[in-house]
Amino acid sequence: MKRTGTTRRVLAALVCGAAVAAISAVPARATAGPGPRWEVKETGSTARFRGLAAVSRSTAWAAGSAGTVLRTVDGGRHWADVSPPGARDLEFRDVEAFDARRAVVLAIGEGEASRVLRTEDGGRTWSEAFRNTDPRAFYDCVTFFDTRHGLAVSDPVDGRYRLLSTADGGRSWRVLPSAGMPPALAGEASFAASGQCLVSRGPHDVWLATGGASAARVLHSRDRGLTWTVAASTLPAGDPAKGVFALAFRDARHGLAVGGDYRADQASPDASAVTGDGGASWTESERPPAAYRSGVTWLPYSSRAAIAVGPTGSDLSLDGGRTWRTFDAGSFDTVDCAADLGCWAAGEKGRVARLGIGFPIGSPGAGGGS
């Protein structure tokens, strides 16, 4: 059995590597034909999905407005409404899924509007794992290092970001000490725009994106949130609508930051940056996306390919985030990729899509099933 599992993983890596090579072989553009493209899936929902978890090409979870949670296990052909009962007044902005059955969703808002719910049976039943009772706290994002250890972040309370920690897969949560957290800037907060203001990579590293202040910063912890360092990014700042909206790291050193000004009537130049030292310093992209972007992800099995999304389009980078080209003009808020190159995007009006490469991923030309 072990040999069979290893063989399958190797074959999956080869297939995904070939798919990434296909992406890299053609220029990104917003036209039909070879190249990456989103295949929109009919969800039957009108919710805005800012929370997204890609488990595989077949399985994905989406969480959004009006307490809505959807799940697919057949590549988006069918979606099950697995929303928690009585959650219609909640605003879900993040979902972390371990597989097709286990997932954690985060509801945002002041005081008791911020909650964490968990399912172990594919959304048939839910349990409330945390309810915020501090009216000063407003939770934005959640991330997991593995199936047991995770963090959730609130906007600053008493001048510092507040963190929740779990060591049992999200069943219970506790507030971490704030002594190792740098002071927040005046007006600083995080954006609950895509579930990517708090991201982790590996067993201990986690990064926090900020905005709304005089500098758009990125905080980094190497010990699961106990102590932090902080660095200014190159992204727009100085206004409550500006900052770093999303982060993605492919390892402990190489990361991407996207954001800008989320107001539709405002330009967002210089709205992406890269780091090669774990976030200690940031370099602005030579050719950033043309507008504000709220979500970003690396493509698996590639050290250079990445996708960013926002309300005005999606962009592809083939050089580690230094330059970006738009390949789709549709509106999305968030994006996520699974290890088998199952890349998904989600956004307003129930829009959810899976990435294709000139042909649908999973078709005979792609070398695998859906």
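Quick rundown of the values:
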{"item": "Residues with amide H under 5 Å from that of Leu90, placed H, sequence gap 5 or more", "result": "Gly67"}
{"item": "Cα gyration tensor shape of segment 233-351, rounded if a/c is under 1.5, else prolate or oblate by comparing a/b with b/c", "result": "oblate"}
{"item": "Amide H contacts under 5 Å for Arg48, placed H, 5+ residues apart", "result": "Ser65, Lys349, Gly350"}
{"item": "For Rg and Dmax of the Cα atoms in Å, calculated from these coordinates, the label among (1) 21.0, 61; (2) 25.0, 97; (3) 19.0, 57", "result": "(3)"}
{"item": "Residue among Ala241, Ala308, Ala215 with the largest mean-square fluctuation in a Gaussian network model of the chain, springs linking Cα atoms under 10 Å", "result": "Ala241"}
{"item": "Relative contact order for the chain, counting Cα pairs under 8 Å that sit 6 or more residues apart, in percent", "result": "17"}
{"item": "Centre separation in Å (Cα based) which lies between segment 33-54 and segment 342-358", "result": "2"}
{"item": "Paramagnetic label zone (point 7 Å from Cα along Cα-to-C-beta, Glu128; backbone N under 15 Å) in segment 42-73", "result": "67"}
{"item": "Given charges at Cβ of Lys, Arg, Asp, Glu: the chain dipole, positive-most of Ser178, Gly356, Thr166", "result": "Gly356"}
{"item": "Cβ-placed point charges (K, R +1; D, E -1), dipole of the chain about Cα centre in debye, nearest 20", "result": "1000"}
{"item": "Pairwise FRET efficiency - Thr229 versus Arg101, Cβ, R0 = 30 Å, nearest 0.05", "result": "0.25"}
{"item": "Under 5 Å, built H, 5+ apart or other chain: amide partners of Ser83", "result": "Val69"}
{"item": "Point-to-point label distance, Asp74-Ala113, nm (Cα→Cβ direction, 7 Å offset)", "result": "3.7"}
{"item": "Candidates Ser285, Ser172, Ser314: whichever shows maximal mean-square fluctuation once the chain is modelled as a Gaussian network with Cα springs under 10 Å", "result": "Ser172"}
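Read-outs: derived from the displayed coordinates by stated rules, not from any lab. Since the model is a prediction, treat every value here as computed from it, not as a measurement. With ideal geometry, Cβ positions are generated from the backbone for all residues, glycine too; neighbour counts draw on all protein chains shown.
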